[in-house]
Amino acid sequence: MIELAELTKRYGAKTAVDRLTFAVRPGVVTGFLGPNGAGKSTTMRMILGLDHPTSGRVTIDGRPYDRLTRPLTYIGGLLEAKSVHPGRTAYHHLLCLAQSNGVDPRRIDEVLDLVGLTGVARKRPKGFSLGMGQRLGIASALLGDPRILMFDEPVNGLDPEGIHWIRNLMKQLAAGGRTVFVSSHLMSEMALTAEHLVVIGQGRLLADTSMARFIEEN
Ligand code: ADP
Ligand code: ADP
């Protein structure tokens, strides 16, 4: 479970995230909805420990997050294929990650299968489509079997098939008892993906409710 308490981030005079207090629970996909500039990425970066709050705090399963001690446990944005070392195959990329993070290499075949990349494991990701690069990024993130997964606008730029696939993967991961938090600026996308919804605008919490209730009331 992710818990935010009065989480705030200011950039000079601009308050990007304004006293956000809410929790993201395991078992269902929680959507994070807000227009561009609402503060979603900034919030996610603070949850991931990539950015320091101005005030307030984030706890993960009751503990302050420390990305240095458990680097593979939580994921942020998605890897782009071009950010992979050009000389490495998809498999080699995952092997290097597994080795530097103390993950059993037998896990590689499992994650490749989970993201549907088994057939291209021996290929270099340079020629991968956006969707395939994203699958490889997800495979990288799943190596350490994280309990908490963050997806920042994951469907951006994907074709309908890719969107459908990632939606189902997020639901499957949540149904397996993980905490899945996904941002979008599109209500139509959230309605198809999330069972619980957190809405922000101008850095402030506007709603924190079940999707069914949100749709009923809006
Ligand atoms: P979203 O992800 O919802 O589109 P962001 O978290 O990216 O929103 O941005 C929230 C607000 O904070 C925006 O007004 C943005 O311009 C501002 N902001 C984000 N990062 C920085 C930064 N590094 N410096 C200054 N302002 C920033
Ligand atoms: P694009 O038009 O973006 O190049 P592709 O035709 O390569 O897309 O792929 C369409 C969809 O199928 C994408 O979502 C991509 O992730 C997926 N895909 C294509 N080839 C593979 C593959 N070998 N293994 C897994 N997924 C694939």
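Looking across GLY162, GLY137, GLY131, one residue alone is within 9 Å of ligand 2 (Cβ to nearest atom) and in contact with an Asp or Glu (Cβ under 8 Å, 6 or more places away or on another chain). It is GLY131.
Here's the yes/no breakdown for (1) more than 24 Å from ASP208 (Cβ to Cβ); (2) among the aromatic types (Phe, Trp, Tyr); (3) within 16 Å of ligand 1 (Cβ to nearest atom):
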residue: GLY116; (1), (2), (3): yes, no, no
residue: SER129; (1), (2), (3): yes, no, no
residue: GLN134; (1), (2), (3): yes, no, no
residue: ALA139; (1), (2), (3): yes, no, no
residue: GLY157; (1), (2), (3): yes, no, yes
residue: GLU161; (1), (2), (3): yes, no, no
residue: ALA174; (1), (2), (3): no, no, no
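Residues in the range 197-218 that are crowded, with 23+ Cβ neighbours inside 10 Å and within 18 Å of the chain's Cα centre (by Cα): LEU197, VAL198, ILE200.
Within 24 Å of ASP208 (Cα to Cα) and either within 13 Å of ligand 2 (Cβ to nearest atom) or within 16 Å of the chain's Cα centre (by Cα) (or both): does that describe ASP152? Yes. Among the conditions (1) touching a residue at least 12 places away in the same chain (Cβ under 8 Å); (2) within 16 Å of ligand 1 (Cβ to nearest atom), the only one that LEU143 does not satisfy is (2).
Within the range 9-25, the residues that satisfy the criterion of being within 12 Å of ligand 1 (Cβ to nearest atom) and either buried (at least 18 other Cβ atoms within 10 Å of the Cβ) or among the acidic types (Asp, Glu) (or both) are LYS9, ALA16, VAL17, ASP18, LEU20.
Here is a yes/no grid of residues against (1) under 20 Å from GLU153 (Cβ atoms); (2) at pLDDT 90 or above; (3) assigned to a loop (DSSP other than H, G, I, E, B); (4) within 16 Å of ligand 2 (Cβ to nearest atom):
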position: ALA5; (1), (2), (3), (4): no, yes, no, no
position: GLY27; (1), (2), (3), (4): no, yes, yes, no
position: THR30; (1), (2), (3), (4): yes, yes, no, no
position: THR43; (1), (2), (3), (4): yes, yes, no, no
position: LEU68; (1), (2), (3), (4): no, no, yes, no
position: LEU79; (1), (2), (3), (4): yes, no, yes, yes
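Look at the range 177-195: where a residue is of a type in the set (Lys, Arg) and a partner is part of a strand (DSSP E or B), sitting 6+ places away or on another chain with Cβ atoms under 8 Å, you get ARG178/ILE148; ARG178/LEU149. For THR89, the conditions (1) within 16 Å of ligand 2 (Cβ to nearest atom); (2) crowded, with 18+ Cβ neighbours inside 10 Å are fulfilled apart from (2). Looking at this structure, is ASN156 of a type in the set (S, T, N, Q) and assigned to a loop (DSSP other than H, G, I, E, B)? Against the criterion (of a type in the set (S, T, N, Q) and assigned to a loop (DSSP other than H, G, I, E, B)), ASN156 qualifies.
The values are calculated or read from the model by the stated rules, or taken from the named source; none is laboratory data. All values reported here derive from a predicted model rather than from experimental measurement. No Cβ is skipped: glycine too gets one built from the backbone with ideal geometry, and neighbour counts run over all protein chains shown.
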